[in-house]
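Student: Right, I'll just put the structure down here and ask away after.
None of the figures in this text is laboratory data; all of them are computed from the coordinates on show. Just so it is clear, the structure is predicted and the values come from calculations on it, not from any experiment. Counting neighbours? That spans all protein chains shown, and the Cβs are built from the backbone with ideal geometry, glycine included.
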Amino acid sequence: DVKVTQSSRYLVKRTGEKVFLECVQDMDHENMFWYRQDPGLGLRLIYFSYDVKMKEKGDIPEGYSVSREKKERFSLILESASTNQTSMYLCASSRPVAGVYNEQFFGPGTRLTVL
Amino acid sequence: DAKTTQPNSMESNEEEPVHLPCNHSTISGTDYIHWYRQLPSQGPEYVIHGLTSNVNNRMASLAIAEDRKSSTLILHRATLRDAAVYYCILRLFQGAQKLVFGQGTRLTINP
């Protein structure tokens, strides 16, 4: 069974803290993504990576950074957490096979609360 | 990214068919139509995708209008486990990898 796992389901942090959200996939996928999901705004892409050490900004990268040192792991970093980063964070992965549709597989999400 | 329009919510009864509509009047010739769904407390999951022809898989069917300006996701026999938010998404097949999610349709299934 293919799997994308996220380090925590629930996380509570304080304003100004550095926060690491970890995502691991066991499907040997090249592409990995971080989204956030907020009521009324749907899912929005923060960053994605198409290879180890490669990253691309998504639609809302401000206040976030990412790290991809190994193929199976993609980390989202909040350098100094703020209350407006309270959200559900979703990780996804996919394989970019040319000529074939590559569905994205999502993890269960991490609900982050910043106090 | 081309936009899609879906009803905010729909309701149906268990074991009846469900037709979830999606309008995408600005679709381009290279946009594929994708459907994902998000069950409560879970991440989204892929349902089906298509370009021009109707498509069937074990989860659902996708009916695409001849002019491609609209499509309908069909659940042939809804169960309580099909209660979810359903997202209709357009994406270039070999273009940017990202998915642009709209608000989706919240489907309620009555027992």
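Student: Work out the P(r) tail for segment B:1-104: percent of alpha carbon pairs separated by more than 19 Å, whole number.
Tutor: The answer is 38 percent, as a whole percent.
Student: Moving on. Would you kindly derive the ³J(HN,Hα) couplings of segment B:57-64 from the backbone phi angles with the Karplus curve 6.51 cos²θ - 1.76 cosθ + 1.60 (θ = phi - 60°), listing them in order in whole Hz, with x for Gly and Pro?
Tutor: Whole-Hz 3J(HN,Hα) from phi for segment B:57-64: 9, 5, 8, 6, 10, 10, 9, 10.
Student: OK, next. Based on the mean of other Cβ atoms within 10 Å per residue, sort peptides B:33-40, B:17-24 so the most packed one is first.
Tutor: Final packing ranking: B:33-40, B:17-24.
Student: If Lys and Arg each add +1 and Asp and Glu each add -1, what is the summed charge of the other residues whose beta carbon sits under 12 Å from the beta carbon of B:Thr30?
Tutor: Around B:Thr30, the charge tally is +1.
Student: If the cut-off is 29 Å between C-alpha atoms, which lysines fall inside it for A:Lys71, apart from same-chain ones fewer than 8 positions away?
Tutor: Hits, sequence-local ones excluded: A:Lys3, A:Lys13, A:Lys18, A:Lys53, A:Lys55, A:Lys57, B:Lys98.
Student: From other protein chains only, count the Cβ atoms within 10 Å of every residue's Cβ in A:50-60, then give the mean.
Tutor: The mean count of partner-chain Cβ atoms within 10 Å per residue comes to 1.
Student: So what's the net charge close to B:Ala84: Lys and Arg +1, Asp and Glu -1, counting the other residues with Cβ under 15 Å from its Cβ?
Tutor: For residues surrounding B:Ala84, the net value is -1.
Student: Calculate the radius of gyration of the Cα atoms of chain A to one decimal place, then report Dmax, the largest Cα-Cα distance, as a whole number, both in Å.
Tutor: 13.6, 46
Student: Now for a separate question. What whole number of Å gives the distance from the Cα centroid of segment A:31-106 to the Cα centroid of segment B:1-73?
Tutor: 24
Student: Another question, if that's okay. Enumerate the amide H contacts of A:Glu17 below 5 Å, restricted to partners 5 or more residues apart or on another chain; note that Pro and chain-start residues carry no placed amide H.
Tutor: A:Ala81
Student: Can you tell me, using C-alpha contacts under 8 Å and at least 6 residues apart, the relative contact order of segment B:35-111 as a whole percent?
Tutor: After rounding, I find 26 percent.
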